[in-house]
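One structure is given here, and the rest of the page talks about it.
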Amino acid sequence: MQRKLAAILAIDVVGFSGLMARDETATLDALSRNLIEIFKPAVRSHGGRIVKLLGDGALVEFGSIQDAAQCALVLQTGPATPVETLETHLSFRIGLNVGDIIKRGEDIFGDGVNIAARLEAEAPEGGIAISAAAHAHLAASLAEKFQSIGALALKNIPTPVEVLTWSPEAVPAPTKVAQEKFRKASIVVLAFDNMSGDADQEFFSDGISEDIITELSHFSEFFVIARNTSFTYKGKPVRTEEVCSELGVRYLLEGSVRKAGNRVRVTAQLIEGATGAHIWAGRFDRDLDDIFAVQDEITQAIVAAVAPEALRAETHRSQRKAATETSAWEKMLLGRWHIGRLSKQDIDLAQQYARDAIALDPNLSDAHAILSLAKLHAMLHIWRPDTKAAIAEAITHGQDAVRIDDSDANAHSILGMALMFGRDYDKGPLHLHRALKLNPNLSNAHGVMAAFHGVSRDYEASRASAERATMLSPRDPYRAFWYGGHGIAAYLDRNYARCIEICRDVLAEFPSYASALRQLAAAQAMSGSQAEAEKTMAHLLQVMPGLTVTMVRDIVPIRYPDDHEHWLEGLRRAGMPD
């Protein structure tokens, strides 16, 4: 046993039993998505440790109440997780406390834990309850967000506890911030504070800020305030709302750098100007063996987190608006969100949103890219049986996207993907390389490159590209496709054991992903596991009824004829009809 002081976060789902009674499958699916896409990443980025999951809730330990409170606010102000079929979303209550705990193995006990659990029940729906003892240790900018509700008698706690709460209704209205000037998501990156007390380290903190500005500017989805403007706030006390209002931007990224010996700690946080809500926060500790390599590594880690989190927040804002109030940009974001859901209904909705966006703004290249991607998904899942026509349409829409904005890395990435499925193995990679030149941090370009290397039987290149894509966007809905490229590379390389391993990893998270099921069945058959291959094939044919070897020949673009026949032979042996 070990005794120590810790910050405790207790969380559970509001009305979980009622949701389960209405639709168990949809509720559990939503909870699983939230756990993978939102809860675990938020806890990890704030230095927390998940002690245990409790069915509809969790208990988390933090080293500081500051980190715990920031994590709680990120969880309660981030994008809502919809419960499909029920026309609602998951809502949570959170309790926070600081106290003495007893650690036994991986579990924790004590009054510090018990009070956090009791406070969770006192939190408003979608809100947070914190003990006054914990609240006293918060920084002023966090502490002011909570309102006292007095002393409460908590169940099985001998003395009343002073409690403060935060609720979504308490978030300031966005009237403080001026109307945004920019059509796209807009962001200002302030000069990171040098907390080392060493003026010689100023170049490092400034360098990270400048590099983040440069890297974010590569994303066509963002308007990023130039360094010459954002650095005018350096060394001055600033308020997020005032800076965002003055510049007319929606998001602010700030951070600090602290050096001690040969170690450096960089912290960063993304804040929404209208509400002061923390969209994301992260901490990075590194050894300074190569200061420029460390600077590059931390910059890429921050950009890889900030870009998708800001776009998720933008999408969430758009989802809360009425259809008649959304702009072309917002309709495009909604289309992109639906296309990442990978169901026929969502693909249809994505196309409708993209068409609506184009009707409002014909020169929105990303909307044309969505149409291209939608045609490919419809073909891949045989929702459209006219495979060649679907691919041709995808290429046309991709070409439209690039014609409208040749500097849009995402447009080149999607066109490269469409050309690969169209068997143009010369032009496809040219557009993928162009995408990566325009934006080296574009995860999808790395992911599609993994698929291109995969169908070209280049295992090592495919593996490297898939890993790079996943590092840049670990929560991306397309990571199954990226690792599909890695899996086919292993299969074509006759490394069936590795192919099976990759497919099982993908299917653990995406149980009905057809590409992984195809590869798994073929690899099992070729490695002599016939019973397992037939079982996997039966599952695949449930997911894609009527699928045949002839259809797969048209769908999957294996580059070399001998490899293509080897791939189809595995499917035949597994029991796929010709």
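Bear in mind these aren't lab numbers, they're just calculated from the coordinates by the rules spelled out. Keep in mind that what you see is a predicted model, and the values were worked out from it rather than measured. Every residue, glycine among them, receives a Cβ derived from its backbone with ideal geometry; neighbour counts consider all protein chains shown.
Structural remarks
- Stretch gain in nm, segment Ala151-Lys103, where the contour uses 0.36 nm per residue and the Cα spacing is subtracted: 14.5 nm
- For the stretch 465-578, the Kirkwood hydrodynamic radius comes to 14.0 Å, computed from all pairs of different C-alpha atoms.
- With contacts taken as Cα pairs under 8 Å at a separation of at least 6 residues, the chain carries a relative contact order of 8 percent.
- Mean-position separation - Cα centroids, the stretch 447-478 and the stretch 139-158, in angstrom: 48 Å
- 0 to 90° range, to nearest 10: angle between helix 443-455 axis and the chain longest Cα axis: 30 degrees
- Along its first, second and third principal axes, ordered by size, the stretch 2-171 spans 43, 38, 31 Å in Cα coordinates.
- Compactness ratio for the stretch 342-435: Cα radius of gyration over 2.2 N^0.38 Å (N = residue count) comes to 1.01.
- Spatially proximal aspartates and glutamates relative to Lys427 (Cα-Cα < 16 Å; intrachain offsets below 8 disregarded): Asp400, Asp406
- Label sites at Glu202 and Asp29, each approximated as a point 7 angstrom past Cα along Cα to Cβ, lie 5.6 nm apart.
- Shape category assigned to the stretch 221-263 from the gyration tensor of Cα positions, a/c cut at 1.5: prolate
- Euclidean distance between Cα centres, the stretch 235-262 to the stretch 1-47, Å: 30 Å
- The Cα-based radius of gyration of the stretch 175-309, divided by its Kirkwood radius, gives an Rg/Rh of 0.96.
- Relative contact order for the stretch 2-171: 25 percent, from Cα pairs under 8 Å spaced at least 6 residues apart, divided by residue count.
- Between 0 and 90 degrees, the angle of helix 365-380 with respect to the longest Cα principal axis of the chain falls at about 60 degrees.
- Legend: calculated FRET efficiency, Glu122 to Met195, from the Cβ-Cβ distance at R0 = 45 Å, rounded to 0.05, equals 0.80.
- Computed E for Lys535/Lys344 - FRET, C-beta separation, R0 30 angstrom, nearest 0.05: 0.75
- C-alpha long axis of helix 24-34 to longest principal axis of the chain, angle in °: 70 degrees
- With the convex hull drawn around the C-alpha atoms of the chain, the volume per residue stands at 171 Å³.
- Per residue, the convex hull spanned by the Cα atoms of the stretch 513-578 amounts to 71 cubic angstrom.
- Of interest is the spacing of the C-alpha centroids, which for the stretch 269-307 and the stretch 404-436 amounts to 29 Å.
- For the cross-link pairs Lys234/Lys331; Lys375/Lys437; Lys344/Lys535; Lys40/Lys259, the ones whose C-alpha atoms lie over 32 Å apart are Lys234/Lys331.
- In terms of surrounding Cβ atoms within a 10 Å radius of their Cβ, Trp166, Trp482 rank from fewest to most as Trp166, Trp482.
- One chain, two ends: Arg239 and Lys388. Fully extended at 0.36 nm per residue, the span grows by 48.1 nm beyond their Cα-Cα distance.
- Cα-based shape type of the stretch 383-539, given that a ≥ b ≥ c are square roots of the gyration tensor eigenvalues and the cut on a/c is 1.5: prolate
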